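The values are calculated or read from the model by the stated rules, or taken from the named source; none is laboratory data. This one's a predicted model, so the numbers in the text were calculated from it and none came from an experiment. Quick reminder, even Gly has a Cβ in these numbers, built from the backbone with ideal geometry, and neighbours come from all protein chains shown. These accessible areas exclude ligands, DNA and RNA; they are computed on the full protein's heavy atoms, side chains included. Shrake-Rupley method; radii C 1.70, N 1.55, O 1.52, S 1.80 Å.
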Amino acid sequence: GGYFLPRLSGKIGYYLALTGFRLKGRDILKAGIATHFVESEKLPALEKDLIALKSPSTENIADLLNSYHMK
């Protein structure tokens, strides 16, 4: 955390470091830490689809994550 918290946009990283507050779910996406948000009930299906990728490339993985991403 000492590396990435001060690099978050705004002062959210400093707030998290000083207070010990924990972000969950969509908050992590809004803070810029995560790139995608997938509902917990869809995680087993996402894991299965990731394992089933024949040739996992950055593009294939990004497309798959985008198909599960909740906005």
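Can we say Leu65 is surrounded by 14 or more Cβ atoms within 10 Å (Cβ to Cβ) and within 14 Å of the chain's Cα centre (by Cα)?
Details: surrounded by 14 or more Cβ atoms within 10 Å (Cβ to Cβ): yes; within 14 Å of the chain's Cα centre (by Cα): yes.
Yes; evaluated as a whole, the condition is true for this residue.
Ser55 passes every criterion in (1) of a type in the set (Ser, Thr, Tyr); (2) at pLDDT 90 or above; (3) in a loop (DSSP other than H, G, I, E, B) apart from (2). When the range 34-63 is filtered for residues that are under 30 Å from Arg22 (Cα atoms), touching a Leu at 6+ places or on another chain (Cβ under 6 Å) and of a type outside the set (Val, Ile, Thr), the ones remaining, listed by number, are His36, Phe37, Asp49.
Within the range 32-52, being part of a helix (DSSP H, G or I), open to solvent by less than 90 Å² (accessible area, probe 1.4 Å) and either hydrophobic (A, V, I, L, M, F, W, C) or touching a residue at least 12 places away in the same chain (Cβ under 8 Å) (or both) holds for Lys42, Leu43, Ala45, Leu46, Asp49, Leu50, Ala52.
Please determine whether any residue of the range 24-31 is open to solvent by less than 90 Å² (accessible area, probe 1.4 Å), part of a loop (DSSP other than H, G, I, E, B) and modelled with pLDDT of 90 or more. Full working, then the answer.
Pass one, the range 24-31, residues open to solvent by less than 90 Å² (accessible area, probe 1.4 Å): 25, 27-29, 31.
From what's left, part of a loop (DSSP other than H, G, I, E, B): 25, 31.
Now narrow it down to the ones that are modelled with pLDDT of 90 or more: none.
No, the range 24-31 contains no residue that is open to solvent by less than 90 Å² (accessible area, probe 1.4 Å), part of a loop (DSSP other than H, G, I, E, B) and modelled with pLDDT of 90 or more.
Of all residues in the range 5-23, those that are open to solvent by less than 90 Å² (accessible area, probe 1.4 Å) and either touching a residue at least 40 places away in the same chain (Cβ under 8 Å) or of a type outside the set (Ser, Thr, Tyr) (or both) total 10.
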